[in-house]
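The values are calculated or read from the model by the stated rules, or taken from the named source; none is laboratory data. Bear in mind that the values here come from a model prediction, so they are computed numbers and not experimental data. All Cβ positions, even for glycine, are placed from backbone atoms using ideal geometry, and neighbour counts span all protein chains on display. Keep in mind that these areas ignore ligands, DNA and RNA; they rest on the heavy atoms of the full protein, side chains included. Shrake-Rupley method; radii C 1.70, N 1.55, O 1.52, S 1.80 Å.
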Amino acid sequence: MSSSNKSTFGLLFYLKRSKEKMNGECPIMLRITINGISTAFAIQRSVKPDDWDPKRGISKGKTSQLNALNVYIDALRAKAYNKYTEQMSLHDEVTTIMLRDAILGINQSKPRFLLEEWADQCADLKKQIGNGRTYASFQKSNTCRTFMADFISIQYKCKDVTLKSIDPQLINKFALYLRTERKCMHNTAMKYLQVFKKSVLIGYANGWIKTNPFNGIQLTLEEVDRPYLTEDELKSLIELQFRMKRLELVRDMFVFSCFTGLAYADVYSLTKADLEKTPDGKLWIKTRRQKTNVKAHIPILPIAKAILDKYCQNFDMLSASDRLLPMISNQKANSYLKEISELSGIEKNLSFHVARHTFATTVTLMNGVPIESVSRMLGHKNIKSTQHYAKIVDTKIGEDMYKLENILDSKMVYAGF
């Protein structure tokens, strides 16, 4: 997992004559040059110019004091070469500043470790939750780091690896670990690898590693079926009567998502401040998606408005920050949705993703809403994300036209051959 780099390296001991002391001595400097870039520092020793040999970089006197100075210079020169070799084994690129600090014992040239740096990134993400970052982004990064820690322990029998050691082989082995040990499907594994890549690229941007180990590695997602409810299924779900209030509540929240396109997290965090009434009296949801922080502007359709009225009977008494809907935890909601699908006879795994897909297809696109409008209501960053749903609508059009073909065949035949 390591690589070697050739570089030019040189040392020069010289006098800084512009800083001559009262006793006539000048400070001795050490100049480090790596690949044409130089850094100089004082070695905390001084000597008179007449006692200095500029060609050899040592004193030319014969006194015991000057001999001791030469011993010190030789030792420092040997230390500099040793530190340079050591730093080259730890880093992709050694700078003059790194080597200077290593010689002086300043702890700035230590190798950077993946999990250690990643932990700091996770801590920064956590601090920014609610200020441009979401809990979901922190959770995903933290979970991926946990997976990486387990992978490193299994694969390399150690607690951490240096950023320099990350290469395509490690990346591919981690991808295999996600698919096998963690049982991740392809897209889930790719998303974790994308999180891993972001962490590594922070190190690359800071200059801690010389090359991007992800160069040439494609982290592409496979296109998957996006389940949604048909118009008949959605209607039967709306009309379904429940004896248990918990199931009725979850059904209502699911249906609200079907008619607004909001994800679970967005429905959960919906507040009075997110509602806006336009001059024509129409009520809109104007919020930012928790996942992407992209604006979503959604007119509230009658069924969604009826659900809001059902659970916000004291709407005028709410403050701007009060939540509008009594959402339960995502885990419980998904569990109850399984019960609801069984009771309704819908043979699909209901989830809030399905509700969002239903809004995009059955509620909007299949009723002629332009894809540009749907994209904005869904809060997509670009229309490419919305075009996946358009393919589903194309399939529906094909099915409808096939039915039309059979009807027309039974009614008329072109005889002008």
Helix 302-311: angle to the longest alpha-carbon principal axis of the chain, degrees 0 to 90, nearest 10?
80 degrees
Net charge (Lys, Arg +1; Asp, Glu -1) of residues whose beta-carbon lies under 14 Å from that of Tyr336, Tyr336 excluded, is +2
Could you state the angle between the C-alpha long axis of helix 330-344 and the longest principal axis of the C-alpha atoms of the chain, as a value from 0 to 90 degrees rounded to the nearest 10?
30 degrees
Signed unit charges on C-beta, dipole axis of the chain, positive-most listed residue Met366, Thr134, Trp284
Thr134
Skip the ligands, DNA and RNA, and give the accessible area per residue of the chain with a 1.4 Å probe, whole Å².
59 Å²
Hey, what angle do you get for helix 114-127 against the long axis of the chain, alpha-carbon based, 0 to 90 degrees rounded to 10?
50 degrees
Quote the charge dipole size of the chain about the Cα centre in Debye, to the nearest 20; the model charges only the Cβ of Lys and Arg (+1) and of Asp and Glu (-1).
1920 debye
Restricting attention to the stretch 14-85, which trypsin sites (Lys or Arg not before Pro) occupy a DSSP loop and are surrounded by at most 12 other Cβ atoms within 10 Å?
Lys21, Lys55, Arg56, Lys62
Over the stretch 122-256 - Rg/Rh using Cα atoms and the Kirkwood inverse-distance radius:
1.14
May I ask you to list the aspartates and glutamates whose Cα is less than 13 Å away from that of Lys62, ignoring any residue fewer than eight positions away on the same chain?
Asp50, Asp51, Asp53
Per DSSP loop assignment and a cutoff of at most 11 other beta carbons within 10 Å, the chain keeps its longest run without exposed GluC sites (Glu not before Pro) at 1-221
Taking the Cα centre of the stretch 289-408 as origin, work out the dipole magnitude from +1 charges on Lys and Arg Cβ and -1 charges on Asp and Glu Cβ, in debye rounded to 20.
540 debye
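So, with +1 on the Cβ of K and R and -1 on the Cβ of D and E, and no other charges, what is the size of the charge dipole of the stretch 300-358 about its Cα centre, to the nearest 20 debye? Numbers along the way, then the final one.
Numbers: 7 positive and 6 negative charges, 30 e Å.
For the stretch 300-358, the charge dipole is close to 140 debye.
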Treat each spin label as a single point 7 Å out from the Cα along the C-beta direction, and report the Lys60 to Ser18 distance in nm.
2.5 nm
Any lysines whose Cα falls less than 26 Å from that of Lys403, other than same-chain ones fewer than 8 residues away, would be Lys235, Lys348, Lys391, Lys411
Averaged over all viewing directions, the convex hull of the alpha carbons in the chain casts a projected area in nm² of 37.3 nm²
Rg and Dmax in Å for the stretch 187-292, alpha carbons only: what are they?
21.3, 64
Amide proton proximity set for Phe9, modelled H, under 5 Å, gap of 5+
Asn35
Filter the chymotrypsin sites (Phe, Trp or Tyr not before Pro) in the stretch 228-313 to those in DSSP coil with at most 16 other Cβ atoms within 10 Å of their Cβ, and list the result.
Phe242
Can you list the aspartates and glutamates whose alpha carbon is less than 20 Å from that of Lys126, not counting same-chain residues fewer than 8 positions off?
Glu116, Glu117, Asp266
